[in-house]
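Structure record follows, encoded as structure tokens.
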């Protein structure tokens, strides 16, 4: 329980420490004057060694500084709200600092390697001499990430948003304690937005301390990557970094527990990407359960794995490697928030919210981004979208419901794999009558002119209405072309609307759309 100290000039004693107020109501601790803390902001807890200061009362407290958090904070501040924002990590969130944006810097470098190899003997020679100097690439990547936390915090200051550094924990239904031991503040909020993102899931295996996360992969020091790297899990994180590592010269293995990697994507196109991945030297092993990682005295790692289909855990393979990377999935980052104290219901998918992104159990709490158990995927556009919805519903009342129709998703391998809308199985389960157009496009001009042998598409079109139900693309610039189909699905456009060559510059990958319908 937090108790606010009433105004008094008498010393307050905590063991050997004496705290009192001088004539100007500044706090004096053991003879040291703090001119920033007056009696009206002095708070105490039942723990006599903990001193809390009153950080103030706000219209909105935002926990997190990523895309969802910042979107909501800026929008509410623009509406005249008094806003506070909190983060225990460098300001900026996962995407800008530890995720999609710095990852894309690495991907672009590997695309250069791949392109030179594809064009060998097609007017380009000497591709074998082109290589990635890892230390230089990481140094270049840091020109984007290192300035960002200060730039983000400066933008908060300019907007009039009060920022706090340190971990946040609920101490009441609309009250948060922020800071580290011995230096904590209590913040009261009319509303609180939880936008803390996601974190790597616990592998729950012996030797997990020998595994690095994707965050750490982006900060690997040294002139080159380790010679041998094992990725645990067959999702998009593993595939993206595996393609980077393979083209940087490492021997790469992916161990995936399931039958098929990249389960959210069209499996026919995934199979083509898997074949391409193996051609560049990636050893993908499916139905492999990682049981533990041992570390030898010389620093080498040994991965112990077994057949995931077997009834027992008998080890069937061991892999010696120099590095093991966690790519087995992420979970909502709610550890340490003490959501129970605030009466906030949650599950393995995050904070349980209604269609307005409001907590189902505490109306003062909202959640957005990867931490929210909403219908959106853990993607940056979703975080931005949900941050805007929360801001609107806070300012104007619950008037906008979330709608994720037409949300595209991309695996930034080389070539990339993109998807939007329904897959075939989903459409069948819903009883929708549709036709499918599926084709290997490696012989198309758009692939041949860049020497790409791994490309294809699959488009689902509803019978009768001609609505675009789903689109799945593998190949050069798939991450751009997919946006055309995303717009069509979002706006309910038909194949006839898209099947007009006047819409597309030629020759471009987008101009291929008319042949996909």
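Assorted remarks:
Let's see how each residue does on (1) assigned to a loop (DSSP other than H, G, I, E, B); (2) at pLDDT 95 or above; (3) under 26 Å from residue 262 (Cβ atoms):
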| site | (1), (2), (3) |
| --- | --- |
| 454 | yes, yes, yes |
| 459 | no, yes, yes |
| 469 | no, yes, yes |
| 472 | no, yes, yes |
| 481 | no, yes, yes |
| 505 | yes, yes, no |
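- All of 269, 301 fail the test of being touching a helix residue (DSSP H, G or I) at 6+ places or on another chain (Cβ under 7 Å) and either at pLDDT 95 or above or surrounded by fewer than 16 Cβ atoms within 10 Å (Cβ to Cβ) (or both), apart from 301.
- Test result for residue 320, modelled with pLDDT of 95 or more, more than 20 Å from residue 232 (Cβ to Cβ) and loosely packed, with under 15 Cβ neighbours inside 10 Å: no
- Of the set (1) surrounded by 16 or more Cβ atoms within 10 Å (Cβ to Cβ); (2) in contact with a helix residue (DSSP H, G or I) (Cβ under 7 Å, 6 or more places away or on another chain); (3) at pLDDT below 95, all apply to residue 223 but (1).
- Matching residues in region 415-433 - criterion: being buried (at least 18 other Cβ atoms within 10 Å of the Cβ) and either in a helix (DSSP H, G or I) or under 20 Å from the mean Cα position of the chain (by Cα) (or both): 416, 417, 418, 419, 420, 424, 427
- Residues satisfying the stated conditions in region 431-472, i.e. free of Cβ contacts under 8 Å to residues at least 40 places away in the same chain and within 19 Å of residue 407 (Cα to Cα): 460, 462, 467
- Here region 361-398 is the region considered, the condition is being over 26 Å from residue 341 (Cα atoms) and free of Cβ contacts under 8 Å to residues at least 24 places away in the same chain, and the residue that is surrounded by the most Cβ atoms within 10 Å (Cβ to Cβ) is 385.
- Some residue of region 485-503 being assigned to a loop (DSSP other than H, G, I, E, B), under 26 Å from residue 414 (Cα atoms) and touching a strand residue (DSSP E or B) at 6+ places or on another chain (Cβ under 8 Å): no
- Subset of region 479-510 (residues that are touching a helix residue (DSSP H, G or I) at 6+ places or on another chain (Cβ under 9 Å) and crowded, with 18+ Cβ neighbours inside 10 Å): 481, 484, 485, 488, 495, 498, 509
- Test: residue 511 is out of contact with any strand residue (DSSP E or B) (no Cβ under 7 Å at 6 or more places or on another chain) and outside any loop (DSSP other than H, G, I, E, B): yes
The values are calculated or read from the model by the stated rules, or taken from the named source; none is laboratory data. Fair warning: this is a prediction, and the values are worked out from it, not measured in the lab. Note that we place each Cβ from the backbone using ideal geometry, even for glycine, and neighbour counts take in every protein chain shown.
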